[in-house]
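All remarks here apply to the structure that follows.
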Amino acid sequence: MNNRRQNVIDTAHKLFIDKGYQATSIQDILDGSGISKGTFYNYFPSKGELFIAIFRSFYTKIRHEREKLLIGQDSADIEIFIRQLELQLMVNKQSKLLILIEEVRVSNDEELKQFINKTLLLSLRWMYNRFIDIFGESKKPYLLDSVIIFHSMMTHMSHFSYRANPAGTPDIQIIRYCMNRIVHLVNEVAESGEQIIDPELMDTWFPKFTNQLDACHNDLLHSTTELKKAINKAIPCDEDRRRAIELVDFIQDELMQSDKPREFLIESLLSTLKTGYASQIQAYMEAFEESIHSCLSR
């Protein structure tokens with residue numbers, strides 16, 4: 001069933017790119033994927049939910065690949081962050097997600113507009129957490145401002161670079177250029193003590209997301225990120241680190257991407273994780289487990 005569902009997602013993605021989201025009918029998707037209308041609605045309550053499923057599919061891939069780049073590496077290494085961003089931009093370009101985003105932004109579909117805005121906020125929060133890794137806790141009050149500037153800088157540099165040179169400037173060149181600028185900016189604003197947006201306000205931007213990009217509470221994303229950092233630092237064997245992170249990812253995906261998470265499966269994977277690695281990362285495991293149970297009981 002999962003393969004058939006993924007086939008519908010892949011078919012719809014191609015149709016949305018070729019014809020446009022608004023111009024693609026559910027019948028087009030049925031014809032292209034070879035399923036009945038009843039099967040379609042068993043997978044997706046609406047075309048909008050299918051659109052969201054496409055984004056979830058690609059962003060799960062991006063998240064997993066970003067995490068792989070961190071395994072065994074120093075999270076404060078700017079070069080790793082640059083490679084993570086390059087990977088993210090490459091997937092966005094290959095999948096043409098930005099084309100879909102722009103179409104939704106000018107549509108009258110308020111639900112999908114809100115979804116796109118939440119997707120952007122999640123991206124900013126990931127960058128903010130990575131900035132803390134890179135620049136340290138002492139500069140934390142100034143890092144949300146810096147992330148917003150950095151994100152805007154990359155977006156506009158990419159846009160105008162393409163207008164100036166349709167052949168395009170390599171993504172990594174743009175990322176590195178913007179990163180070099182932001183390093184100086186972070187140090188400057190930290191020294192001056194200037195702040196526009198308090199990072200604590202971010203928590204108010206992340207209410208419960210239901211049946212969208214993430215279906216659990218904000219705490220799950222935070223505890224997962226912190227646990228992975230602890231795994232990278234505390235577990236010396238590369239294979240053990242990889243296996244532990246895979247278990248964490250599987251649990252998070254089950255909670256985030258399913259309307260009815262399989263509790264028995266989550267508990268089994270959690271038991272494996274606790275048995276094999278809990279001694280090195282006990283405090284982080286406890287926070288992770290607490291956020292899991294919070295999601296399961298909501």
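The set of residues from segment 2-22 being open to solvent by less than 80 Å² (accessible area, probe 1.4 Å) and at negative phi comprises Arg5, Gln6, Asn7, Val8, Ile9, Thr11, Ala12, His13, Leu15, Phe16, Ile17, Tyr21. All of (1) outside any helix (DSSP H, G or I); (2) in contact with a helix residue (DSSP H, G or I) (Cβ under 7 Å, 6 or more places away or on another chain); (3) of a type outside the set (Phe, Trp, Tyr); (4) farther than 27 Å from Lys228 by Cα hold for Asn108 with one exception: (2). Looking only at segment 146-162, residues that are among the aromatic types (Phe, Trp, Tyr) and either more than 25 Å from Val189 (Cα to Cα) or in a loop (DSSP other than H, G, I, E, B) (or both) come to 2 in all. Within segment 201-218, if we keep just the residues that are in a helix (DSSP H, G or I) and either in contact with a Leu (Cβ under 9 Å, 6 or more places away or on another chain) or buried (at least 16 other Cβ atoms within 10 Å of the Cβ) (or both), the residue that is modelled with the highest pLDDT turns out to be Leu201. Of all residues in segment 23-47, those that are under 25 Å from Glu102 (Cβ atoms), open to solvent by 50 Å² or more (accessible area, probe 1.4 Å) and modelled with pLDDT under 90 total 1.
Before we move on, is Ile71 within 24 Å of Phe131 (Cα to Cα), of a type in the set (Val, Ile, Thr) and either in contact (Cβ under 8 Å) with a residue 60 or more places away in the chain or open to solvent by 20 Å² or more (accessible area, probe 1.4 Å) (or both)? So Ile71 fits the description; yes.
In this structure, is Glu137 under 25 Å from Thr225 (Cα atoms), surrounded by fewer than 12 Cβ atoms within 10 Å (Cβ to Cβ) and not aliphatic (A, V, I, L, M)? It is true that Glu137 is under 25 Å from Thr225 (Cα atoms), surrounded by fewer than 12 Cβ atoms within 10 Å (Cβ to Cβ) and not aliphatic (A, V, I, L, M). Scanning segment 244-297 for residues that are surrounded by fewer than 17 Cβ atoms within 10 Å (Cβ to Cβ), of a type in the set (Val, Ile, Thr) and modelled with pLDDT of 80 or more turns up just one, Thr272. Looking across Arg56, Arg83, Arg66, one residue alone is farther than 17 Å from Gln6 by Cβ, open to solvent by less than 60 Å² (accessible area, probe 1.4 Å) and in a helix (DSSP H, G or I). It is Arg66. Beta carbons closer than 6 Å, at least 6 apart along the sequence or on distinct chains, pair a first residue in segment 31-53 that is assigned to a loop (DSSP other than H, G, I, E, B) with a second that is open to solvent by less than 50 Å² (accessible area, probe 1.4 Å) for Phe44/Leu50.
For segment 163-179, a residue qualifies if it is part of a helix (DSSP H, G or I) and either surrounded by 14 or more Cβ atoms within 10 Å (Cβ to Cβ) or basic (Lys, Arg) (or both), and the qualifying residues are Arg163, Asp171, Ile172, Ile174, Ile175, Arg176, Tyr177, Cys178, Met179.
Thr119 meets all of the listed conditions (1) within 22 Å of the chain's Cα centre (by Cα); (2) farther than 26 Å from His222 by Cβ; (3) at pLDDT below 90 but one, namely (2).
Kindly evaluate Leu143 against the criterion of being among the aliphatic types (A, V, I, L, M), touching a Pro at 6+ places or on another chain (Cβ under 7 Å) and surrounded by 13 or more Cβ atoms within 10 Å (Cβ to Cβ). Criteria met by Leu143. Annotation note: Cβ proximity below 8 Å between a residue of segment 100-111 that is within 17 Å of Ile9 (Cβ to Cβ) and a residue that is open to solvent by 50 Å² or more (accessible area, probe 1.4 Å) and part of a loop (DSSP other than H, G, I, E, B) (sequence gap 6+ or interchain) occurs for no pair.
The values are calculated or read from the model by the stated rules, or taken from the named source; none is laboratory data. Note that the structure is predicted; figures quoted are calculated from it, not measured. In this analysis, Cβ positions are derived from the backbone assuming ideal geometry, glycine residues included, and neighbour counts consider all displayed protein chains. Note: areas computed on protein heavy atoms with side chains; ligands, DNA, RNA excluded. Shrake-Rupley method; radii C 1.70, N 1.55, O 1.52, S 1.80 Å.
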